[in-house]
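Visitor: Quick one: this structure, given as structure tokens, is what I'll be asking you about.
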Amino acid sequence: MARDWNDVFLLDRPQGDAAPEEAPGAEAPEQRRGFFRRLRENLGKTREALTAEVHATLFDTLDDETWERLEEALIMADVGARTTADVVERLEQEATSGQVEGGEALQNRLIDLLAERADVGDGRIDLRHEPTVIMVAGVNGTGKTTTIGKLAWHLGQEQQLKVVLGAADTFRAAAVEQLAEWATRAGAEIVTGDPGSDPGSVAFEAVRRGREAGADVVIVDTAGRLHTQDQLMDELAKVRRVIAKQLDGAPHETLLTVDATTGQNGLRQAQLFSQAAPVTGVILTKLDGTAKGGIALAIAGELEIPVKLIGIGEQLEDLRPFDPHDYARALLDS
Ligand SMILES: Nc1nc2c(ncn2[C@@H]2O[C@H](COP(=O)(O)OP(=O)(O)O)[C@@H](O)[C@H]2O)c(=O)[nH]1
Ligand SMILES: [Mg+2]
């Protein structure tokens, strides 16, 4: 699973003679450590609560109450009923059969089991198409435009790829301006339509322009607010069809933004969207707020959709690849 940007992006780039730290997209290890430290801080409350419960249960006599209390604590942390039940059942089996002994070993095993459940599908983003088309969907306010901006920056500035952005959220003029600002920072080209114009035609034009300009990546922003859920899903399906008409096999990635602070509601959103379109990955945003954090494990574990990126703020450096093991450790560590 991906820990660094260079692990996330699957590129056809010839391996040059440059030292690894000079390769495009390489970053200093302290950047990753800094992000992880902030993630741990943000999830501090959840970690304290979970760790206290783990100490009160796994480090004590193991009985039925142990497993019930542990389940409750994980569900409170947003881990999701099914993932929690599976993980705790497995841990109980291993503990009663004597496979894993001792409080600390059980705690470590719990971290491993949670990480395993979250490690589903391919966490990478395949950029080997010409161009690769990424469609970003999600409920209004979950962080689509901001995330696209950050992603475009990493692709354009770090990976030195040519990026075209499609501003297919034509419902709000401000949405286009917001994306245009990010395009400038990222050194990306932007394709826009008139306010209120057809989102499909903007998406179509963005992909057309991407092909014409020999872009490496085209990222299409979409609207997340329509009168009804059905209308929203129809619109997304239409944008997808239009993109496919312009380029066979596209969109290659459909990424869904989920606001982590919405907890189990985020899980339901992901469920609905993935029924309407083949979602290839989730971007979990706002892990810097009141999020309990377990939702990352619930989405991956229950929907089998990989969480590819996580966001912990509004700045450029606040978006990073998701690593299940690091994440489980940030949630539950002594
Ligand atoms: N705190 C925090 N705010 C975020 C994050 N991602 C996005 N936002 C903010 O959430 C708001 C909505 O984001 P936006 O990208 O416009 O959402 P969209 O409607 O889905 O395009 C903006 O004010 C963003 O700056 C995040 O990871 N953390
Ligand atoms: Mg937006």
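The values are calculated or read from the model by the stated rules, or taken from the named source; none is laboratory data. Keep in mind it's a predicted model, so treat the numbers as computed, not measured. Please note: Cβ atoms are built from the backbone with ideal geometry, for glycine as well, and neighbour counts cover all protein chains shown.
Visitor: Residues being polar (S, T, N, Q) and farther than 25 Å from residue 309 by Cα: count how many of those fall in the range 230-255.
Guide: Going through the range 230-255 one residue at a time, the tally reaches 2.
Visitor: So which of 267, 309 is within 13 Å of ligand 1 (Cβ to nearest atom), in contact (Cβ under 8 Å) with a residue 60 or more places away in the chain and out of contact with any Gly (no Cβ under 6 Å at 6 or more places or on another chain)?
Guide: Only one candidate passes the filter, namely 309.
Visitor: Further, regarding this structure: Kindly evaluate residue 228 against the criterion of being free of Cβ contacts under 8 Å to residues at least 40 places away in the same chain, farther than 29 Å from residue 5 by Cα, β-branched (Val, Ile, Thr) and surrounded by fewer than 18 Cβ atoms within 10 Å (Cβ to Cβ).
Guide: Taking the combined requirement at face value, the residue satisfies it.
Visitor: Given the conditions (1) more than 16 Å from ligand 2 (Cβ to nearest atom); (2) on the phi > 0 side of the Ramachandran plot, and given that residue 138 satisfies all but one, which numbered condition is not satisfied?
Guide: (1)
Visitor: Go through the residues of the range 304-312 one by one and say whether even a single one is of a type in the set (D, E, K, R) and in contact with a Pro (Cβ under 8 Å, 6 or more places away or on another chain).
Guide: Scanning the range 304-312 turns up at least one residue that is of a type in the set (D, E, K, R) and in contact with a Pro (Cβ under 8 Å, 6 or more places away or on another chain).
Visitor: Further, regarding this structure: In the list 200, 224, 214, which residue meets the criterion of being within 22 Å of residue 146 (Cβ to Cβ) and among the small types (Gly, Ala, Ser)?
Guide: Just one listed residue meets the conditions, 224.
Visitor: Could you tell me whether the range 236-246 includes any residue that is free of Cβ contacts under 8 Å to residues at least 12 places away in the same chain and more than 25 Å from residue 172 (Cβ to Cβ)?
Guide: yes
Visitor: Would you check if residue 138 is surrounded by 22 or more Cβ atoms within 10 Å (Cβ to Cβ), within 23 Å of residue 268 (Cα to Cα) and touching a Phe, Trp or Tyr at 6+ places or on another chain (Cβ under 8 Å)?
Guide: So residue 138 fits the description; yes.
Visitor: Another one. Going by the conditions given, is residue 153 in contact with a helix residue (DSSP H, G or I) (Cβ under 8 Å, 6 or more places away or on another chain) and either within 12 Å of ligand 2 (Cβ to nearest atom) or modelled with pLDDT under 95 (or both)?
Guide: For residue 153, the condition - in contact with a helix residue (DSSP H, G or I) (Cβ under 8 Å, 6 or more places away or on another chain) and either within 12 Å of ligand 2 (Cβ to nearest atom) or modelled with pLDDT under 95 (or both) - is not met.
Visitor: Next question, about the same structure. Every residue in the range 45-87 that is surrounded by 15 or more Cβ atoms within 10 Å (Cβ to Cβ) and among the hydroxyl-bearing types (Ser, Thr, Tyr), please.
Guide: 46, 51, 57, 66, 83, 84, listed by residue number.
Visitor: Looking only at the range 141-176, how many residues end up being touching a residue at least 60 places away in the same chain (Cβ under 8 Å), surrounded by fewer than 22 Cβ atoms within 10 Å (Cβ to Cβ) and of a type in the set (A, V, I, L, M)?
Guide: Number satisfying all stated conditions: 0.
Visitor: Filter the range 179-198 for residues that are at pLDDT below 95, within 15 Å of ligand 2 (Cβ to nearest atom) and not small (Gly, Ala, Ser) and give the result.
Guide: If the condition is that a residue be at pLDDT below 95, within 15 Å of ligand 2 (Cβ to nearest atom) and not small (Gly, Ala, Ser), then 195 is the only one that fits.
Visitor: Does residue 208 satisfy the condition of being more than 30 Å from residue 84 (Cβ to Cβ), surrounded by fewer than 21 Cβ atoms within 10 Å (Cβ to Cβ), of a type outside the set (Phe, Trp, Tyr) and within 13 Å of ligand 2 (Cβ to nearest atom)?
Guide: So residue 208 does not fit the description; no.
Visitor: Now a separate question. Out of 201, 197, report the one residue that is assigned to a loop (DSSP other than H, G, I, E, B), away from ligand 1 (no atom under 15 Å from the Cβ) and small (Gly, Ala, Ser).
Guide: Every option except 197 fails the conditions.
Visitor: Next question, about the same structure. Find the residue count for the range 302-327, including only residues that are over 25 Å from residue 152 (Cα atoms) and buried (at least 24 other Cβ atoms within 10 Å of the Cβ).
Guide: 0
Visitor: Within the range 217-237, can one find any residue that is of a type in the set (Lys, Arg) and away from ligand 1 (no atom under 16 Å from the Cβ)?
Guide: No, every residue in the range 217-237 fails to be of a type in the set (Lys, Arg) and away from ligand 1 (no atom under 16 Å from the Cβ).
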